[in-house]
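Down below is the structure, laid out as C-alpha coordinates.
The values are calculated or read from the model by the stated rules, or taken from the named source; none is laboratory data. Remember, predicted model here, so these are calculated numbers, not experimental data. Heads up, the Cβs are rebuilt from the backbone with ideal geometry, glycines too, and the neighbour counts pull from every protein chain shown. Accessible surface areas use protein heavy atoms only, side chains included; no ligands, DNA or RNA. Shrake-Rupley method; radii C 1.70, N 1.55, O 1.52, S 1.80 Å.
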Amino acid sequence: RAKHAGRGRAMHYEVLMDDDRDARREMEDALRAAVARGEIDVVFQPIVRAGDRTICGVEALARWYRGGTVPVPPDVFIPLAEATGVIDALGPLVLKRACEAARHWPEIGISINVSPAQFRNPYFPDQALAIIAAAGIEPSRVTLEITEGYFIQNPGRARLVMDRLKAGGVRIALDDFGAGFSSIGYLIRFGFDRMKIDRSLTVAAEQSVKGGAMLQATVALATSFDMPVTAEGVETAEQAAFLHLCGCDQLQGYFFGRPMSEKAMGELIAPQIDVQAAAG
Ligand code: C2E
Ligand code: MG
Ligand code: MG
Ligand code: MG
(Lines give C-alpha, C1' and ligand atoms only; values in the text may rest on other atoms or scores of the structure.)
(Ligands and ions follow the chains in the order given, each with its own letter.)
Protein backbone atom coordinates (compact mmCIF):
# COMPACT_ATOMS: atom_id res chain seq x y z
CA ARG A 1 0.00 0.00 0.00
CA ALA A 2 2.83 2.32 0.95
CA LYS A 3 4.50 1.42 -2.28
CA HIS A 4 1.41 2.35 -4.22
CA ALA A 5 1.09 5.70 -2.47
CA GLY A 6 4.73 6.45 -3.26
CA ARG A 7 4.25 5.57 -6.88
CA GLY A 8 1.10 7.68 -6.99
CA ARG A 9 3.02 10.70 -5.78
CA ALA A 10 5.77 10.15 -8.31
CA MET A 11 3.25 9.91 -11.12
CA HIS A 12 1.46 12.99 -9.92
CA TYR A 13 4.79 14.83 -10.00
CA GLU A 14 5.50 13.74 -13.56
CA VAL A 15 2.05 14.84 -14.64
CA LEU A 16 2.74 18.26 -13.15
CA MET A 17 6.00 18.47 -15.06
CA ASP A 18 4.15 17.61 -18.26
CA ASP A 19 1.60 20.30 -17.47
CA ASP A 20 4.38 22.82 -16.95
CA ARG A 21 5.94 21.86 -20.23
CA ASP A 22 2.61 22.12 -22.05
CA ALA A 23 1.88 25.48 -20.45
CA ARG A 24 5.29 26.77 -21.48
CA ARG A 25 4.82 25.46 -24.99
CA GLU A 26 1.42 27.12 -25.22
CA MET A 27 2.84 30.39 -23.96
CA GLU A 28 5.65 30.16 -26.50
CA ASP A 29 3.15 29.64 -29.34
CA ALA A 30 0.99 32.52 -28.11
CA LEU A 31 4.02 34.83 -27.87
CA ARG A 32 5.30 33.86 -31.31
CA ALA A 33 1.86 34.53 -32.82
CA ALA A 34 1.47 37.84 -30.98
CA VAL A 35 4.88 39.04 -32.20
CA ALA A 36 4.09 37.93 -35.78
CA ARG A 37 0.87 39.99 -35.65
CA GLY A 38 2.65 42.95 -34.08
CA GLU A 39 0.56 42.62 -30.91
CA ILE A 40 3.31 43.85 -28.62
CA ASP A 41 2.91 47.25 -26.98
CA VAL A 42 5.74 49.60 -26.29
CA VAL A 43 5.52 51.96 -23.31
CA PHE A 44 7.87 54.79 -22.42
CA GLN A 45 9.38 55.92 -19.13
CA PRO A 46 10.89 59.39 -18.77
CA ILE A 47 14.57 59.92 -17.92
CA VAL A 48 15.33 63.34 -16.44
CA ARG A 49 18.42 65.52 -16.06
CA ALA A 50 19.41 65.38 -12.40
CA GLY A 51 20.09 69.12 -12.30
CA ASP A 52 16.86 70.69 -13.54
CA ARG A 53 14.63 67.61 -13.78
CA THR A 54 13.73 68.26 -17.41
CA ILE A 55 13.16 65.20 -19.61
CA CYS A 56 16.24 64.31 -21.65
CA GLY A 57 15.24 60.83 -22.73
CA VAL A 58 12.80 57.96 -22.54
CA GLU A 59 13.28 54.21 -22.15
CA ALA A 60 11.11 51.97 -24.33
CA LEU A 61 9.73 48.92 -22.51
CA ALA A 62 7.87 46.05 -24.14
CA ARG A 63 4.42 44.96 -22.93
CA TRP A 64 2.49 41.85 -23.85
CA TYR A 65 -1.20 41.28 -23.09
CA ARG A 66 -1.78 37.60 -23.70
CA GLY A 67 -5.02 37.07 -25.58
CA GLY A 68 -5.28 40.86 -25.64
CA THR A 69 -6.08 41.08 -21.92
CA VAL A 70 -3.75 39.24 -19.55
CA PRO A 71 -0.52 41.16 -18.87
CA VAL A 72 2.56 38.92 -18.87
CA PRO A 73 5.57 40.58 -17.15
CA PRO A 74 8.67 41.26 -19.30
CA ASP A 75 10.71 39.28 -16.78
CA VAL A 76 8.67 36.27 -17.98
CA PHE A 77 8.19 36.81 -21.72
CA ILE A 78 11.61 38.32 -22.53
CA PRO A 79 13.54 35.25 -21.23
CA LEU A 80 11.02 33.04 -23.09
CA ALA A 81 11.59 35.04 -26.27
CA GLU A 82 15.36 34.71 -25.79
CA ALA A 83 15.21 30.95 -25.24
CA THR A 84 13.01 30.32 -28.28
CA GLY A 85 14.47 32.68 -30.87
CA VAL A 86 11.32 34.85 -30.84
CA ILE A 87 13.59 37.70 -29.69
CA ASP A 88 14.92 37.96 -33.28
CA ALA A 89 11.48 39.28 -34.30
CA LEU A 90 10.50 40.95 -31.02
CA GLY A 91 13.69 43.01 -30.70
CA PRO A 92 13.42 44.71 -34.12
CA LEU A 93 9.68 45.29 -33.58
CA VAL A 94 10.32 47.19 -30.33
CA LEU A 95 13.23 49.11 -31.88
CA LYS A 96 11.11 50.17 -34.85
CA ARG A 97 8.15 51.29 -32.71
CA ALA A 98 10.43 53.17 -30.33
CA CYS A 99 12.27 55.02 -33.11
CA GLU A 100 9.00 55.93 -34.84
CA ALA A 101 7.66 57.37 -31.57
CA ALA A 102 10.91 59.28 -31.00
CA ARG A 103 10.53 60.98 -34.37
CA HIS A 104 7.77 63.10 -32.79
CA TRP A 105 9.97 64.08 -29.85
CA PRO A 106 12.84 66.24 -31.07
CA GLU A 107 15.95 66.45 -28.87
CA ILE A 108 14.77 63.58 -26.69
CA GLY A 109 17.01 60.50 -26.43
CA ILE A 110 15.48 57.08 -26.93
CA SER A 111 16.79 54.02 -25.06
CA ILE A 112 15.96 50.48 -26.11
CA ASN A 113 16.87 47.26 -24.30
CA VAL A 114 18.81 44.68 -26.24
CA SER A 115 19.16 41.03 -25.21
CA PRO A 116 22.47 39.18 -25.25
CA ALA A 117 20.69 36.80 -27.64
CA GLN A 118 20.35 39.68 -30.13
CA PHE A 119 24.02 40.62 -29.71
CA ARG A 120 24.85 37.03 -30.68
CA ASN A 121 23.00 37.40 -33.99
CA PRO A 122 25.56 38.37 -36.69
CA TYR A 123 22.95 40.42 -38.58
CA PHE A 124 21.98 42.44 -35.53
CA PRO A 125 24.18 45.58 -35.92
CA ASP A 126 23.34 46.21 -39.58
CA GLN A 127 19.68 45.39 -39.00
CA ALA A 128 19.45 47.77 -36.05
CA LEU A 129 21.18 50.58 -37.96
CA ALA A 130 18.83 50.03 -40.92
CA ILE A 131 15.74 50.26 -38.69
CA ILE A 132 17.01 53.51 -37.15
CA ALA A 133 17.79 54.96 -40.59
CA ALA A 134 14.36 53.94 -41.94
CA ALA A 135 12.65 55.65 -38.99
CA GLY A 136 14.51 58.81 -39.94
CA ILE A 137 16.03 59.67 -36.60
CA GLU A 138 19.64 60.57 -35.83
CA PRO A 139 21.51 57.46 -34.64
CA SER A 140 23.13 59.60 -31.94
CA ARG A 141 19.72 59.95 -30.27
CA VAL A 142 19.53 56.18 -29.83
CA THR A 143 21.00 54.35 -26.85
CA LEU A 144 20.97 50.56 -26.78
CA GLU A 145 20.97 49.18 -23.24
CA ILE A 146 22.69 45.87 -22.58
CA THR A 147 23.52 44.00 -19.38
CA GLU A 148 27.03 42.83 -18.59
CA GLY A 149 26.43 39.08 -19.19
CA TYR A 150 27.44 38.82 -22.83
CA PHE A 151 30.48 41.06 -22.29
CA ILE A 152 31.74 38.61 -19.68
CA GLN A 153 30.90 35.44 -21.63
CA ASN A 154 32.18 36.53 -25.00
CA PRO A 155 34.18 39.75 -24.67
CA GLY A 156 35.81 39.59 -28.10
CA ARG A 157 32.62 39.12 -30.04
CA ALA A 158 30.68 41.60 -27.87
CA ARG A 159 33.37 44.18 -28.55
CA LEU A 160 33.05 43.72 -32.33
CA VAL A 161 29.28 44.14 -32.28
CA MET A 162 29.56 47.17 -30.01
CA ASP A 163 32.20 48.81 -32.24
CA ARG A 164 30.04 48.28 -35.33
CA LEU A 165 27.05 49.92 -33.63
CA LYS A 166 29.16 52.79 -32.30
CA ALA A 167 30.64 53.35 -35.77
CA GLY A 168 27.03 53.74 -36.93
CA GLY A 169 26.58 56.53 -34.38
CA VAL A 170 24.49 54.65 -31.84
CA ARG A 171 25.30 54.86 -28.12
CA ILE A 172 25.65 51.84 -25.87
CA ALA A 173 24.74 51.84 -22.18
CA LEU A 174 25.62 49.20 -19.61
CA ASP A 175 22.26 48.34 -17.98
CA ASP A 176 21.58 47.15 -14.42
CA PHE A 177 25.10 47.69 -13.10
CA GLY A 178 25.29 46.35 -9.55
CA ALA A 179 22.71 43.63 -10.08
CA GLY A 180 25.33 41.21 -11.45
CA PHE A 181 28.72 40.16 -10.16
CA SER A 182 31.23 41.83 -12.44
CA SER A 183 33.80 44.36 -11.35
CA ILE A 184 33.57 47.88 -12.63
CA GLY A 185 37.34 47.71 -13.30
CA TYR A 186 36.75 44.97 -15.85
CA LEU A 187 33.71 46.55 -17.47
CA ILE A 188 35.29 49.99 -17.90
CA ARG A 189 37.59 48.74 -20.69
CA PHE A 190 34.68 48.21 -23.10
CA GLY A 191 34.05 51.93 -23.45
CA PHE A 192 30.32 52.07 -22.79
CA ASP A 193 28.87 55.52 -23.39
CA ARG A 194 26.87 55.41 -20.18
CA MET A 195 26.25 53.28 -17.12
CA LYS A 196 22.84 52.66 -15.57
CA ILE A 197 23.02 51.67 -11.94
CA ASP A 198 20.55 49.15 -10.66
CA ARG A 199 17.91 50.06 -8.10
CA SER A 200 19.51 47.62 -5.64
CA LEU A 201 22.53 49.97 -5.25
CA THR A 202 20.25 52.85 -4.35
CA VAL A 203 18.38 50.70 -1.83
CA ALA A 204 21.68 49.51 -0.31
CA ALA A 205 22.85 53.13 -0.05
CA GLU A 206 19.82 53.95 2.07
CA GLN A 207 20.38 51.02 4.37
CA SER A 208 23.96 51.62 5.48
CA VAL A 209 26.80 54.11 5.44
CA LYS A 210 28.93 51.56 3.58
CA GLY A 211 26.20 51.15 0.97
CA GLY A 212 26.25 54.91 0.46
CA ALA A 213 30.04 54.96 0.14
CA MET A 214 29.84 52.12 -2.35
CA LEU A 215 27.38 53.99 -4.54
CA GLN A 216 29.40 57.20 -4.37
CA ALA A 217 32.64 55.39 -5.31
CA THR A 218 30.96 53.54 -8.19
CA VAL A 219 29.58 56.73 -9.72
CA ALA A 220 32.90 58.55 -9.25
CA LEU A 221 34.87 55.75 -10.92
CA ALA A 222 32.47 55.38 -13.84
CA THR A 223 32.38 59.14 -14.38
CA SER A 224 36.16 59.45 -14.30
CA PHE A 225 36.28 56.87 -17.12
CA ASP A 226 33.88 58.95 -19.25
CA MET A 227 30.80 56.93 -18.38
CA PRO A 228 28.14 59.31 -17.10
CA VAL A 229 25.72 57.51 -14.79
CA THR A 230 21.94 57.18 -14.87
CA ALA A 231 20.24 55.97 -11.69
CA GLU A 232 17.29 53.63 -12.25
CA GLY A 233 14.40 52.90 -9.93
CA VAL A 234 14.33 56.30 -8.21
CA GLU A 235 11.19 56.26 -6.06
CA THR A 236 11.61 59.13 -3.57
CA ALA A 237 12.76 62.75 -3.43
CA GLU A 238 15.46 61.74 -0.91
CA GLN A 239 16.89 59.16 -3.29
CA ALA A 240 16.86 61.67 -6.15
CA ALA A 241 18.76 64.25 -4.06
CA PHE A 242 21.34 61.73 -2.86
CA LEU A 243 21.92 60.27 -6.34
CA HIS A 244 22.42 63.76 -7.78
CA LEU A 245 24.87 64.54 -4.98
CA CYS A 246 26.76 61.33 -5.82
CA GLY A 247 27.22 62.55 -9.39
CA CYS A 248 24.47 60.79 -11.36
CA ASP A 249 23.59 63.19 -14.19
CA GLN A 250 20.34 61.42 -15.14
CA LEU A 251 17.58 59.91 -13.03
CA GLN A 252 14.78 57.50 -13.88
CA GLY A 253 12.08 55.95 -11.73
CA TYR A 254 8.51 56.04 -10.50
CA PHE A 255 9.24 59.31 -8.67
CA PHE A 256 9.53 61.04 -12.05
CA GLY A 257 7.11 58.93 -14.04
CA ARG A 258 5.93 55.39 -14.57
CA PRO A 259 6.17 53.68 -17.96
CA MET A 260 3.28 55.13 -20.02
CA SER A 261 1.67 55.03 -23.45
CA GLU A 262 3.20 56.87 -26.39
CA LYS A 263 0.29 59.34 -26.26
CA ALA A 264 0.76 60.08 -22.54
CA MET A 265 4.51 60.46 -23.04
CA GLY A 266 3.91 62.88 -25.91
CA GLU A 267 1.69 65.01 -23.68
CA LEU A 268 4.32 65.04 -20.93
CA ILE A 269 7.06 66.13 -23.34
CA ALA A 270 4.98 68.64 -25.37
CA PRO A 271 5.30 71.69 -23.06
CA GLN A 272 9.05 71.21 -22.92
CA ILE A 273 9.34 71.03 -26.73
CA ASP A 274 7.18 74.18 -27.08
CA VAL A 275 9.48 76.04 -24.69
CA GLN A 276 12.55 74.94 -26.68
CA ALA A 277 10.91 75.94 -29.95
CA ALA A 278 10.02 79.37 -28.50
CA ALA A 279 13.55 79.84 -27.13
CA GLY A 280 15.27 78.73 -30.31
P1 C2E B 1 15.29 47.37 -17.31
O2 C2E B 1 15.81 47.59 -18.67
O3 C2E B 1 16.27 47.52 -16.19
O4 C2E B 1 14.06 48.36 -17.15
C5 C2E B 1 13.71 49.00 -15.95
C6 C2E B 1 12.63 48.24 -15.22
O7 C2E B 1 12.42 48.85 -13.96
C8 C2E B 1 11.28 48.28 -15.93
O9 C2E B 1 10.58 47.08 -15.62
C10 C2E B 1 10.60 49.47 -15.24
O11 C2E B 1 9.20 49.44 -15.33
C12 C2E B 1 11.08 49.26 -13.82
N13 C2E B 1 11.08 50.51 -13.04
C14 C2E B 1 11.23 51.77 -13.49
N15 C2E B 1 11.21 52.66 -12.47
C16 C2E B 1 11.06 51.94 -11.34
C17 C2E B 1 10.97 52.29 -9.94
O18 C2E B 1 11.01 53.46 -9.56
N19 C2E B 1 10.83 51.26 -9.06
C20 C2E B 1 10.78 49.96 -9.46
N21 C2E B 1 10.63 49.02 -8.52
N22 C2E B 1 10.86 49.59 -10.77
C23 C2E B 1 11.00 50.56 -11.69
P24 C2E B 1 9.81 46.24 -16.74
O25 C2E B 1 9.15 47.16 -17.72
O26 C2E B 1 8.98 45.23 -16.01
O27 C2E B 1 10.98 45.51 -17.50
C28 C2E B 1 11.80 44.57 -16.84
C29 C2E B 1 13.00 44.21 -17.67
O30 C2E B 1 12.58 43.52 -18.86
C31 C2E B 1 13.78 45.43 -18.19
O32 C2E B 1 14.65 45.88 -17.17
C33 C2E B 1 14.51 44.81 -19.35
O34 C2E B 1 15.65 44.10 -18.91
C35 C2E B 1 13.50 43.81 -19.88
N36 C2E B 1 12.80 44.38 -21.05
C37 C2E B 1 11.69 45.16 -21.12
N38 C2E B 1 11.38 45.48 -22.39
C39 C2E B 1 12.34 44.89 -23.16
C40 C2E B 1 12.59 44.84 -24.60
O41 C2E B 1 11.91 45.44 -25.42
N42 C2E B 1 13.68 44.09 -24.99
C43 C2E B 1 14.48 43.45 -24.10
N44 C2E B 1 15.53 42.75 -24.59
N45 C2E B 1 14.29 43.48 -22.77
C46 C2E B 1 13.23 44.20 -22.33
MG1 MG C 1 16.93 49.02 -19.48
MG1 MG D 1 17.89 48.53 -16.03
MG1 MG E 1 16.42 45.60 -15.04
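General observations
- All positions within segment 112-137 that are in a loop (DSSP other than H, G, I, E, B), over 22 Å from Leu61 (Cβ atoms) and modelled with pLDDT of 95 or more: Gly136
- Among residues that are among the acidic types (Asp, Glu), surrounded by fewer than 16 Cβ atoms within 10 Å (Cβ to Cβ) and over 23 Å from Val35 (Cα atoms), Glu148 is not included.
- Scanning segment 80-102 finds one or more residues that are in contact with a helix residue (DSSP H, G or I) (Cβ under 6 Å, 6 or more places away or on another chain), open to solvent by 20 Å² or more (accessible area, probe 1.4 Å) and of a type in the set (A, V, I, L, M, F, W, C).
- Among the residues of segment 171-217, those that are in a helix (DSSP H, G or I), away from ligand 4 (no atom under 16 Å from the Cβ), more than 23 Å from Val114 (Cβ to Cβ) and of a type outside the set (D, E, K, R) comprise Gly185, Ala205, Gln207, Val209, Gly211, Gly212, Ala213, Met214, Leu215, Gln216, Ala217.
- Residue check for Ala237: on the phi < 0 side of the Ramachandran plot and touching a residue at least 12 places away in the same chain (Cβ under 8 Å): yes
- Scanning segment 80-95 for residues that are more than 9 Å from ligand 1 (Cβ to nearest atom) and farther than 27 Å from Gly266 by Cα returns Leu80, Ala83, Thr84, Gly85, Val86, Asp88.
- When segment 49-66 is filtered for residues that are surrounded by fewer than 21 Cβ atoms within 10 Å (Cβ to Cβ) and either under 16 Å from the mean Cα position of the chain (by Cα) or within 16 Å of ligand 3 (Cβ to nearest atom) (or both), the ones remaining, listed by number, are Leu61, Arg63.
- Filtered residues of segment 188-239 (kept if crowded, with 20+ Cβ neighbours inside 10 Å and away from ligand 3 (no atom under 14 Å from the Cβ)): Ala205, Leu215, Thr218, Val219, Ala222, Met227, Gln239
- Residues that are touching a helix residue (DSSP H, G or I) at 6+ places or on another chain (Cβ under 7 Å), more than 14 Å from ligand 2 (Cβ to nearest atom) and either outside any helix (DSSP H, G or I) or not charged (D, E, K, R) (or both) within segment 138-170 comprise Pro139, Tyr150, Phe151, Ala158, Val161, Met162, Leu165, Gly168, Gly169, Val170, listed in sequence order.
- Taking segment 247-262 as the range and being away from ligand 3 (no atom under 16 Å from the Cβ) and either among the charged types (D, E, K, R) or touching a residue at least 40 places away in the same chain (Cβ under 8 Å) (or both) as the test, the residues that pass are Asp249, Met260, Ser261, Glu262.
- Test: residue in segment 96-108 that is more than 18 Å from Pro46 (Cα to Cα) and either out of contact with any strand residue (DSSP E or B) (no Cβ under 6 Å at 6 or more places or on another chain) or more than 16 Å from ligand 1 (Cβ to nearest atom) (or both): yes
- Some residue of segment 260-270 being assigned to a strand (DSSP E or B) and closer than 25 Å to His104 by Cα: yes
- Any hit, segment 18-28, residues being modelled with pLDDT of 95 or more and closer than 24 Å to Met265 by Cβ: no
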